[in-house]
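The next block holds one structure in the form of structure tokens; read it before the comments.
No value in this document is a laboratory result; all are computed from the given coordinates. From a predicted model like this one, the values you see are computed outputs, not experimental measurements. All Cβ positions, even for glycine, are placed from backbone atoms using ideal geometry, and neighbour counts span all protein chains on display.
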Amino acid sequence: MESGNETEKKTISAMIRIYCRSVHRSRHLCGYCRNLEEYALNRIDYCAYGVDKPVCQQCTVHCYSPLMREEIKKVMHYSGPRMLLRHPLLSIAHMIREKRKLKEKTLASLGEDIRSEQTGINNT
């Protein structure tokens, strides 16, 4: 079974290929998109969260430079809706991962709220 980061790499590579093929009219990745893919894959490899990496949309640490962040946003905005038709398994895996991470974050937040209520009991 693949790690979440390997699936994440496949997903971002597929998104960049869809974008490049449609927007840049390139059968293979153009130089610009190849650089963007290399940058994105490198960011995944060196993610501060490691294997517990959240999906980019939910991440609190923005590891992309401002320029590259805008470029990858364009790619995701364009390719995201097209992924379900072209790469349904990657799309579904991404959606499951997104929901799972959101649920974990919500449960952690609820746990903190409960602990703060228990320690801050008002005796008036």
Each label point is 7 Å from the Cα along the Cα-to-Cβ direction; what then is the distance between the points at Y78 and I92, in nm? 2.8 nm
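Provide the FRET efficiency to the nearest 0.05 for the A48-K99 pair, computing r from the beta carbons and using R0 = 30 Å.
Efficiency computed from Cβ-Cβ geometry: 0.85.
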Förster-model FRET efficiency, 25 Å R0, C63 and H24, C-beta, rounded to 0.05: 0.50
